[in-house]
Amino acid sequence: MKQTVYLIRHAEPNYDNHNDVERELTAKGLQDCQLVLDYFKDIAIDRIYASPFKRALQTVDKLAKEKALPIQIKENFRERKIDDVWIDDFNAFSRRQWQDFNYKLANGESLQEVQDRNIQQLQEILNQQETAIVISSHGTAISTIINYYDNQFAFNHFQAIKQLMPFIVKLSFDEASIDNITIINPFTKQIEYQKRS
(Lines give C-alpha, C1' and ligand atoms only; values in the text may rest on other atoms or scores of the structure.)
Protein backbone atom coordinates (compact mmCIF):
# COMPACT_ATOMS: atom_id res chain seq x y z
CA MET A 1 0.00 0.00 0.00
CA LYS A 2 1.28 3.44 -0.92
CA GLN A 3 0.83 6.27 1.55
CA THR A 4 1.83 9.93 1.42
CA VAL A 5 2.37 12.14 4.46
CA TYR A 6 2.66 15.90 3.99
CA LEU A 7 4.38 17.61 6.91
CA ILE A 8 3.67 21.35 6.91
CA ARG A 9 5.86 23.70 8.88
CA HIS A 10 3.78 26.63 10.14
CA ALA A 11 3.94 30.07 8.53
CA GLU A 12 5.72 33.09 10.08
CA PRO A 13 4.89 33.48 13.80
CA ASN A 14 4.91 36.56 16.00
CA TYR A 15 8.17 36.17 17.92
CA ASP A 16 7.22 39.04 20.21
CA ASN A 17 4.83 36.58 21.83
CA HIS A 18 7.01 34.32 24.00
CA ASN A 19 4.11 32.01 24.89
CA ASP A 20 4.93 28.97 22.77
CA VAL A 21 1.41 27.54 22.84
CA GLU A 22 -0.41 30.79 22.03
CA ARG A 23 2.12 32.33 19.60
CA GLU A 24 0.05 33.43 16.61
CA LEU A 25 0.96 34.04 12.99
CA THR A 26 1.93 37.50 11.80
CA ALA A 27 -0.06 39.28 9.09
CA LYS A 28 2.51 37.97 6.59
CA GLY A 29 2.17 34.47 8.04
CA LEU A 30 -1.60 34.54 7.63
CA GLN A 31 -1.19 35.72 4.05
CA ASP A 32 1.39 33.00 3.30
CA CYS A 33 -1.12 30.32 4.34
CA GLN A 34 -2.50 30.80 0.83
CA LEU A 35 0.66 29.05 -0.45
CA VAL A 36 -0.40 25.93 1.43
CA LEU A 37 -3.88 26.19 -0.06
CA ASP A 38 -2.40 26.59 -3.55
CA TYR A 39 -0.09 23.58 -3.15
CA PHE A 40 -2.94 21.24 -2.19
CA LYS A 41 -5.43 22.62 -4.73
CA ASP A 42 -5.46 19.44 -6.80
CA ILE A 43 -4.34 16.97 -4.12
CA ALA A 44 -6.87 14.74 -2.37
CA ILE A 45 -6.43 14.53 1.41
CA ASP A 46 -7.91 11.94 3.79
CA ARG A 47 -7.08 13.56 7.12
CA ILE A 48 -5.58 16.73 8.57
CA TYR A 49 -3.70 16.57 11.87
CA ALA A 50 -2.01 19.39 13.75
CA SER A 51 0.03 20.35 16.74
CA PRO A 52 -2.14 22.03 19.40
CA PHE A 53 -0.06 25.21 19.12
CA LYS A 54 -1.94 28.18 17.64
CA ARG A 55 0.48 28.91 14.77
CA ALA A 56 0.25 25.32 13.49
CA LEU A 57 -3.55 25.37 13.64
CA GLN A 58 -3.78 28.73 11.88
CA THR A 59 -1.52 27.51 9.07
CA VAL A 60 -3.97 24.78 7.97
CA ASP A 61 -7.23 26.46 8.92
CA LYS A 62 -8.05 27.58 5.36
CA LEU A 63 -6.95 24.22 3.96
CA ALA A 64 -9.24 22.36 6.33
CA LYS A 65 -12.17 24.55 5.35
CA GLU A 66 -11.40 24.18 1.64
CA LYS A 67 -11.21 20.38 1.91
CA ALA A 68 -14.16 20.20 4.35
CA LEU A 69 -12.08 18.23 6.83
CA PRO A 70 -11.76 18.71 10.59
CA ILE A 71 -8.35 19.44 12.08
CA GLN A 72 -7.51 16.63 14.47
CA ILE A 73 -5.18 17.85 17.21
CA LYS A 74 -2.35 15.54 18.22
CA GLU A 75 -0.36 16.64 21.25
CA ASN A 76 2.71 14.66 20.17
CA PHE A 77 3.18 16.89 17.10
CA ARG A 78 3.84 19.94 19.29
CA GLU A 79 7.18 21.75 19.07
CA ARG A 80 10.09 20.78 21.29
CA LYS A 81 10.08 22.34 24.72
CA ILE A 82 13.34 24.23 25.16
CA ASP A 83 13.01 25.36 28.79
CA ASP A 84 10.80 27.54 30.97
CA VAL A 85 12.83 30.60 29.97
CA TRP A 86 13.36 32.28 26.58
CA ILE A 87 16.67 31.32 24.91
CA ASP A 88 18.46 34.27 23.30
CA ASP A 89 21.22 32.31 21.55
CA PHE A 90 18.99 29.77 19.86
CA ASN A 91 21.60 28.82 17.22
CA ALA A 92 24.19 27.70 19.78
CA PHE A 93 21.58 25.75 21.71
CA SER A 94 20.20 24.15 18.56
CA ARG A 95 23.66 23.17 17.29
CA ARG A 96 24.43 21.48 20.59
CA GLN A 97 21.15 19.53 20.49
CA TRP A 98 21.85 18.32 16.94
CA GLN A 99 25.35 17.24 18.00
CA ASP A 100 23.93 15.33 20.97
CA PHE A 101 20.34 14.14 20.51
CA ASN A 102 20.09 13.51 24.27
CA TYR A 103 21.13 17.04 25.32
CA LYS A 104 18.46 19.17 26.97
CA LEU A 105 18.03 21.96 29.48
CA ALA A 106 16.61 21.32 32.93
CA ASN A 107 12.95 21.75 32.00
CA GLY A 108 13.18 21.01 28.30
CA GLU A 109 13.19 18.12 25.86
CA SER A 110 16.01 16.46 23.97
CA LEU A 111 15.71 15.95 20.21
CA GLN A 112 15.58 12.21 20.93
CA GLU A 113 12.49 12.70 23.08
CA VAL A 114 10.90 14.91 20.43
CA GLN A 115 11.68 12.38 17.71
CA ASP A 116 10.35 9.47 19.76
CA ARG A 117 6.95 11.03 20.40
CA ASN A 118 6.59 12.32 16.83
CA ILE A 119 7.44 8.96 15.26
CA GLN A 120 5.17 7.09 17.68
CA GLN A 121 2.28 9.35 16.68
CA LEU A 122 3.09 9.13 12.97
CA GLN A 123 3.22 5.33 13.10
CA GLU A 124 -0.20 5.22 14.78
CA ILE A 125 -1.60 7.37 11.96
CA LEU A 126 0.05 5.30 9.22
CA ASN A 127 -1.43 2.15 10.77
CA GLN A 128 -4.90 3.52 10.02
CA GLN A 129 -4.16 2.83 6.33
CA GLU A 130 -5.12 6.26 5.00
CA THR A 131 -3.38 7.17 1.77
CA ALA A 132 -2.96 10.96 2.01
CA ILE A 133 -2.30 12.66 5.33
CA VAL A 134 -1.48 16.27 6.24
CA ILE A 135 0.27 17.12 9.51
CA SER A 136 0.79 20.76 10.53
CA SER A 137 3.69 21.05 12.93
CA HIS A 138 6.96 22.86 13.64
CA GLY A 139 10.45 23.19 12.19
CA THR A 140 12.37 21.22 14.79
CA ALA A 141 9.68 18.58 15.31
CA ILE A 142 9.44 17.98 11.55
CA SER A 143 13.22 17.89 11.21
CA THR A 144 13.47 15.09 13.78
CA ILE A 145 10.98 13.08 11.70
CA ILE A 146 13.10 13.61 8.59
CA ASN A 147 16.21 12.60 10.54
CA TYR A 148 14.53 9.38 11.70
CA TYR A 149 14.04 8.26 8.09
CA ASP A 150 17.26 9.84 6.81
CA ASN A 151 20.10 10.07 9.33
CA GLN A 152 22.11 12.19 6.87
CA PHE A 153 19.69 15.05 7.58
CA ALA A 154 21.61 17.05 10.18
CA PHE A 155 22.09 20.51 11.69
CA ASN A 156 23.30 22.08 8.44
CA HIS A 157 20.14 20.93 6.65
CA PHE A 158 18.01 22.23 9.50
CA GLN A 159 19.81 25.58 9.30
CA ALA A 160 19.21 25.79 5.54
CA ILE A 161 15.43 25.66 5.98
CA LYS A 162 15.13 27.31 9.41
CA GLN A 163 13.94 30.65 8.00
CA LEU A 164 11.55 29.04 5.51
CA MET A 165 7.98 29.41 6.78
CA PRO A 166 5.96 27.59 5.67
CA PHE A 167 7.62 24.63 4.00
CA ILE A 168 6.18 21.26 3.01
CA VAL A 169 7.81 17.85 3.42
CA LYS A 170 6.43 15.02 1.32
CA LEU A 171 7.08 11.56 2.75
CA SER A 172 6.22 8.70 0.40
CA PHE A 173 5.73 5.23 1.89
CA ASP A 174 5.36 1.89 0.15
CA GLU A 175 4.18 -0.95 2.39
CA ALA A 176 5.16 1.16 5.44
CA SER A 177 8.74 1.61 4.19
CA ILE A 178 9.97 5.10 3.33
CA ASP A 179 10.38 5.52 -0.41
CA ASN A 180 11.09 9.21 -0.86
CA ILE A 181 11.58 12.40 1.18
CA THR A 182 11.15 15.77 -0.51
CA ILE A 183 11.23 19.23 1.06
CA ILE A 184 9.33 21.77 -1.05
CA ASN A 185 9.62 25.54 -0.91
CA PRO A 186 6.06 26.76 -1.59
CA PHE A 187 7.29 30.28 -2.40
CA THR A 188 9.46 29.17 -5.32
CA LYS A 189 8.00 25.68 -5.99
CA GLN A 190 11.60 24.44 -5.81
CA ILE A 191 12.86 21.30 -4.07
CA GLU A 192 15.10 22.24 -1.14
CA TYR A 193 16.12 18.70 -0.18
CA GLN A 194 15.45 15.22 -1.50
CA LYS A 195 16.33 11.66 -0.61
CA ARG A 196 15.23 8.58 -2.47
CA SER A 197 15.51 5.08 -1.05
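The Stokes-Einstein estimate for region 142-197, based on a Kirkwood radius over Cα pairs and taken at 25 °C with 0.890 mPa s viscosity, is a diffusion coefficient of 211 µm²/s.
Note that region 117-133 has calculated 3J(HN,Hα) couplings of 6, 5, 5, 4, 5, 4, 4, 4, 5, 4, 5, 7, 6, 7, 9, 9, 10 Hz, one per residue in order, obtained from phi through the Karplus relation 6.51 cos²θ - 1.76 cosθ + 1.60 (θ = phi - 60°); glycine and proline are x.
How would HIS157, HIS18, HIS138 rank on accessible area, largest to smallest, probe 1.4 Å? Each step should come with its number before you reach the end.
Working: HIS157 50, HIS18 105, HIS138 0 Å².
Correct descending sequence by accessible area is HIS18, HIS157, HIS138.
Distance between the 7 Å Cα→Cβ label points at ALA68 and PHE90: 3.9 nm.
Model label sites at GLN99 and GLU75, defined 7 Å from Cα along the beta-carbon direction, differ in position by 3.4 nm.
Going down the list LYS2/LYS28; LYS2/LYS41; LYS2/LYS67; LYS2/LYS81, which pairs span over 31 Å between their C-alpha atoms? Before the final figure, lay out each step's value.
Working: LYS2/LYS28 35 Å; LYS2/LYS41 21 Å; LYS2/LYS67 21 Å; LYS2/LYS81 33 Å.
Where the Cα-Cα span goes over 31 Å, the pairs concerned are LYS2/LYS28; LYS2/LYS81.
Rolling a 1.4 Å sphere over the protein heavy atoms, what is the accessible area per residue of the chain, to the nearest Å²? All intermediate terms of the calculation are to be shown ahead of the outcome.
Details: 9530 Å² over 197 residues.
Counting only protein heavy atoms, the per-residue value for the chain is 48 Å².
Among the aspartates and glutamates, which have Cα under 14 Å from the Cα of LYS62 when same-chain residues fewer than 8 positions away are ignored? LYS62 reaches ASP32, ASP38. Toward the positive end of the charge dipole of the chain, with +1 on the Cβ of Lys and Arg and -1 on the Cβ of Asp and Glu, the farthest Cα among GLN72, THR4, SER94 is that of THR4.
Simple point charges give the picture: +1 on the Cβ of Lys and Arg, -1 on the Cβ of Asp and Glu, and for region 62-197 a dipole about the Cα centre of about 420 debye.
Of the residues MET1, MET165, the one with the largest accessible area comes first in the ranking MET1, MET165, computed with a 1.4 Å probe on protein heavy atoms.
With an 8 Å cut-off on Cα pairs and a minimum separation of 6 or more residues, tell me the relative contact order of region 28-115 in percent.
Working: 91 pairs, mean separation 20.8, N = 88.
It rounds to 24 percent for region 28-115.
Taking 0.36 nm per residue of separation and subtracting the Cα-Cα distance, full extension of the segment from GLU192 to LEU37 would add 53.9 nm. Distant-in-sequence amide contacts of PHE167, defined by a placed amide H-H separation under 5 Å and a gap of 5 or more residues or a different chain, comprise ARG9.
Give a quick list of chymotrypsin sites (Phe, Trp or Tyr not before Pro) in region 96-160 that DSSP marks as loop, anything other than H, G, I, E or B, with at most 16 other Cβ atoms within 10 Å. Could you put the intermediate results ahead of the total?
On the way: sites: TRP98, PHE101, TYR103, TYR148, TYR149, PHE153, PHE155, PHE158; in loops: PHE101, TYR103, PHE153.
Here the sparse-neighbourhood loop sites are PHE101, TYR103.
Applying the Karplus relation 6.51 cos²θ - 1.76 cosθ + 1.60 with θ = phi - 60° to region 152-157 yields 3J(HN,Hα) values of 7, 6, 10, 4, 5, 6 Hz, where x marks Gly and Pro. With a simple spin-label model that places each label point 7 Å from the Cα along the Cα-to-Cβ direction, the separation between TYR148 and ALA160 comes to 2.2 nm. Over the chain, the fraction of Cα-Cα pairs per 10 Å bin, rounded to whole percents and listed from the shortest bin up, is 9, 38, 40, 13, 1.
The values are calculated or read from the model by the stated rules, or taken from the named source; none is laboratory data. Treat the numbers as computed from the prediction; the structure is a model and nothing was measured. Counting neighbours? That spans all protein chains shown, and the Cβs are built from the backbone with ideal geometry, glycine included. Protein only, heavy atoms only, side chains kept; ligands, DNA and RNA dropped before computing areas. Shrake-Rupley method; radii C 1.70, N 1.55, O 1.52, S 1.80 Å.
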